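Have a look at this one.
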Amino acid sequence: MYIVYSERYQVDIGAHVFHMGKYAKVRDGLVARGLVGPAALVEPAPAGWDELALVHTGEYLEKTRNGSFRPSELALLELPWSPDVAEGFRLMAGGTIAAARLAVEAGRRLREDADGAEGTRPRLAAAANLGGGFHHAFPSHGEGFCLYNDVAVAIRVLQREGIISRAAVVDVDVHQGNGTAFIFDGDPSVFTFSIHQEHNYPHVKPRGSLDVGLPDGTDDREYLHALERALPAALDGRPDLMIYVAGADPYLEDQLGGLCLTHEGLRGRDFFVLSAARAAGIPVVIVFAGGYARRVEDTAALHIATIEEALRLGA
């Protein structure tokens, strides 16, 4: 399983609840545990401006290039602008594109192997981008710490290249993926599923293909039951690719969340989603989106556990 990562993901956004240092901590944890070797780490290239333009307007992209945002636009984005910030987020968008290509290629290889061997046990085809999952970015503006919607960009790039026709976005971040839902509204080629805390950001939630809003304080058992009921609908159309937006912020000690999932509950969430994709033969791209635990080490541990589940199911 390939892991897309760059040291340049860690851009300086000052003192912020979004701890950019989590990416290096996840990489270091994966390497220290022997889960990932150097050969599995892939350095991405930045998303091309033409690729970003498949989702974002030219006027908005120009603002991200030169920083000509109004103060109100930066307040909505909730990030400072600098050339390094813009390039870091462009690089993470490129990382999701790279991970998507790697996941589809892994799926192709697994199908070929299965064709040549009877009784082959199904395995998960997956790749991960340690950055990405910026599901609050809209075509003409960014918000909620999200400059570019890398999820949508990766889907549009692979569709343009004829690598995939249909995609599913399975978003389990504590916040609804409003930008992604808006971008793909009315597009039958992309199924957007979000299971999130209903009474939390964003206050206006554009309708996705399937939205499950959970009450404050939802625990492991209630969450997994709701997920089990809803997830099959996202896979019914047999998508060519799933993008799994595996936010760590449903965690009970997250500063921006109000759900009550434990480490064990989040691992169970990951196992359920990834095993469903394995059973259906759908390649998966994992992106991490949110995670704002009081201790960044907790956020990193939750992200590492997601990768562990993917590795276990791909073995």
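The values are calculated or read from the model by the stated rules, or taken from the named source; none is laboratory data. Quick caveat, the model's predicted, so the values are computed rather than measured. Backbone-built Cβ (ideal geometry, glycine too); neighbour counts: all protein chains shown.
Filter the range 228-285 down to the residues that are closer than 16 Å to Ser165 by Cα and acidic (Asp, Glu), then identify the one that is surrounded by the fewest Cβ atoms within 10 Å (Cβ to Cβ).
Within the range 228-285, the subset closer than 16 Å to Ser165 by Cα is 234-243, 281-285.
Pick out the ones that are also acidic (Asp, Glu) and you get 236, 240.
Values: Asp236: 10, Asp240: 19.
Only one residue tops the list, namely Asp236.
Here is a follow-up. Restricting attention to the range 1-28, which residues are at pLDDT 95 or above and either within 30 Å of Arg109 (Cα to Cα) or in contact with a strand residue (DSSP E or B) (Cβ under 7 Å, 6 or more places away or on another chain) (or both)?
The answer is Tyr2, Ile3, Val4, Tyr5, Ser6, Glu7, Tyr9, Tyr23, Ala24, Val26, Arg27, Asp28.
While we're looking at this one, here's another question. Which residues, counting only those in the range 293-310, are more than 14 Å from Leu261 (Cβ to Cβ) and either part of a loop (DSSP other than H, G, I, E, B) or among the acidic types (Asp, Glu) (or both)?
Selection gives Arg294, Arg295, Glu297, Glu308, Glu309.
Based on what the data block shows, is Gly131 out of contact with any strand residue (DSSP E or B) (no Cβ under 7 Å at 6 or more places or on another chain), at positive phi and either in a loop (DSSP other than H, G, I, E, B) or of a type in the set (Val, Ile, Thr) (or both)? Even if it seems obvious, please write down each step before you answer.
Working: out of contact with any strand residue (DSSP E or B) (no Cβ under 7 Å at 6 or more places or on another chain): yes; at positive phi: no; either in a loop (DSSP other than H, G, I, E, B) or of a type in the set (Val, Ile, Thr) (or both): yes.
Against the criterion (out of contact with any strand residue (DSSP E or B) (no Cβ under 7 Å at 6 or more places or on another chain), at positive phi and either in a loop (DSSP other than H, G, I, E, B) or of a type in the set (Val, Ile, Thr) (or both)), Gly131 does not qualify.
Moving to a separate point now. Tell me, please, whether a residue that is surrounded by fewer than 19 Cβ atoms within 10 Å (Cβ to Cβ), farther than 16 Å from Ala246 by Cβ and either touching a strand residue (DSSP E or B) at 6+ places or on another chain (Cβ under 9 Å) or among the aliphatic types (A, V, I, L, M) (or both) can be found in the range 117-125. I'd like the intermediate steps shown before the answer.
Residues of the range 117-125 surrounded by fewer than 19 Cβ atoms within 10 Å (Cβ to Cβ): 117-123.
Subset that is farther than 16 Å from Ala246 by Cβ: 117-123.
Narrowing the set further to residues that are either touching a strand residue (DSSP E or B) at 6+ places or on another chain (Cβ under 9 Å) or among the aliphatic types (A, V, I, L, M) (or both) leaves 117.
The answer is yes; a qualifying residue exists.
Now a separate question. Can you tell me which of Ala53, Ala75, Ala47, Ala99 is buried (at least 21 other Cβ atoms within 10 Å of the Cβ) and farther than 22 Å from Gly281 by Cβ?
Testing whether each residue is buried (at least 21 other Cβ atoms within 10 Å of the Cβ) and farther than 22 Å from Gly281 by Cβ leaves just Ala47.
Condition first: modelled with pLDDT of 95 or more and more than 15 Å from the chain's Cα centre (by Cα). Can you find one or more residues in the range 241-248 that meet it? Before the answer, list the steps.
Of all residues in the range 241-248, those modelled with pLDDT of 95 or more come to 241-248.
Right, trim to more than 15 Å from the chain's Cα centre (by Cα) and you get none.
Checked against the condition, which is being modelled with pLDDT of 95 or more and more than 15 Å from the chain's Cα centre (by Cα), the range 241-248 yields no hits at all.
Oh, and also: Considering only residues that are outside any helix (DSSP H, G or I) and within 18 Å of Val11 (Cβ to Cβ), which ones fall in the range 61-110? Even if it seems obvious, please write down each step before you answer.
Here is the first cut: in the range 61-110, the ones outside any helix (DSSP H, G or I) are 67-70, 78-82.
Answer for the range 61-110, where residues must be outside any helix (DSSP H, G or I) and within 18 Å of Val11 (Cβ to Cβ): Gly67, Phe69, Glu78, Leu79, Pro80, Trp81, Ser82.
Are there any pairs, at least 6 apart or on different chains, whose C-beta atoms fall under 7 Å, with the first in the range 80-92 and over 18 Å from Gly144 (Cα atoms) and the second assigned to a helix (DSSP H, G or I) and aromatic (Phe, Trp, Tyr), and if so, which?
If the second residue must be assigned to a helix (DSSP H, G or I) and aromatic (Phe, Trp, Tyr), the pairs left are Leu91/Tyr9.
Hey, among the residues in the range 253-290 that are outside any helix (DSSP H, G or I) and small (Gly, Ala, Ser), which one's nearest to Tyr148 (Cα to Cα)? Step through it out loud before you land on a result.
Taking the range 253-290 and keeping what is outside any helix (DSSP H, G or I), we get 253-262, 281-290.
Filter once more, so that each one left must be small (Gly, Ala, Ser): 257-258, 281, 289-290.
Working: Gly257: 22, Gly258: 26, Gly281: 29, Ala289: 12, Gly290: 15 Å.
The extreme case among them is Ala289.
Continuing with the same structure: Output the number of residues of the range 102-147 satisfying the condition of being at pLDDT 95 or above, more than 18 Å from Val284 (Cα to Cα) and of a type in the set (Gly, Ala, Ser).
4
So, in the range 164-223, exactly how many residues are among the aromatic types (Phe, Trp, Tyr) and in contact with a Cys (Cβ under 9 Å, 6 or more places away or on another chain)? Even if it seems obvious, please write down each step before you answer.
Step one: of the range 164-223, the residues among the aromatic types (Phe, Trp, Tyr) are 182, 184, 191, 193, 201, 223.
After this cut, where a residue has to be in contact with a Cys (Cβ under 9 Å, 6 or more places away or on another chain) as well, the list is 223.
Here the count works out to 1.
Which residues, counting only those in the range 15-60, are in a loop (DSSP other than H, G, I, E, B), over 20 Å from Phe134 (Cβ atoms) and hydrophobic (A, V, I, L, M, F, W, C)?
Step one: filter the range 15-60 for residues in a loop (DSSP other than H, G, I, E, B), giving 15-21, 33-37, 43-48, 53-57.
If we keep only those that are over 20 Å from Phe134 (Cβ atoms) as well, we get 15, 33-37.
Passing the criteria: Ala15, Leu35, Val36.
With Arg65, Arg166 as the choices, which residue is out of contact with any Ser or Thr (no Cβ under 8 Å at 6 or more places or on another chain) and charged (D, E, K, R)?
On the way: Arg166 fails: out of contact with any Ser or Thr (no Cβ under 8 Å at 6 or more places or on another chain).
None of the others qualify; the one that does is Arg65.
Next up: Restricting to the range 291-315, and then to whatever is in contact (Cβ under 8 Å) with a residue 60 or more places away in the chain and in contact with a Ser or Thr (Cβ under 9 Å, 6 or more places away or on another chain), can you tell me which residue is surrounded by the fewest Cβ atoms within 10 Å (Cβ to Cβ)? Don't jump to the end; show me each part of the working.
Kept after step one, since they are in contact (Cβ under 8 Å) with a residue 60 or more places away in the chain, are these residues of the range 291-315: 291-292, 296-297, 299-301, 303-304, 306-308, 310-311, 313-315.
This time we only want the ones that are in contact with a Ser or Thr (Cβ under 9 Å, 6 or more places away or on another chain), so: 291-292, 313.
Numbers: Gly291: 29, Tyr292: 23, Leu313: 21.
Within the range 291-315, the match that is surrounded by the fewest Cβ atoms within 10 Å (Cβ to Cβ) is Leu313.
Got at least one residue in the range 146-167 being surrounded by fewer than 23 Cβ atoms within 10 Å (Cβ to Cβ), of a type in the set (Lys, Arg) and assigned to a loop (DSSP other than H, G, I, E, B)?
The answer is yes, given that some residue of the range 146-167 is surrounded by fewer than 23 Cβ atoms within 10 Å (Cβ to Cβ), of a type in the set (Lys, Arg) and assigned to a loop (DSSP other than H, G, I, E, B).
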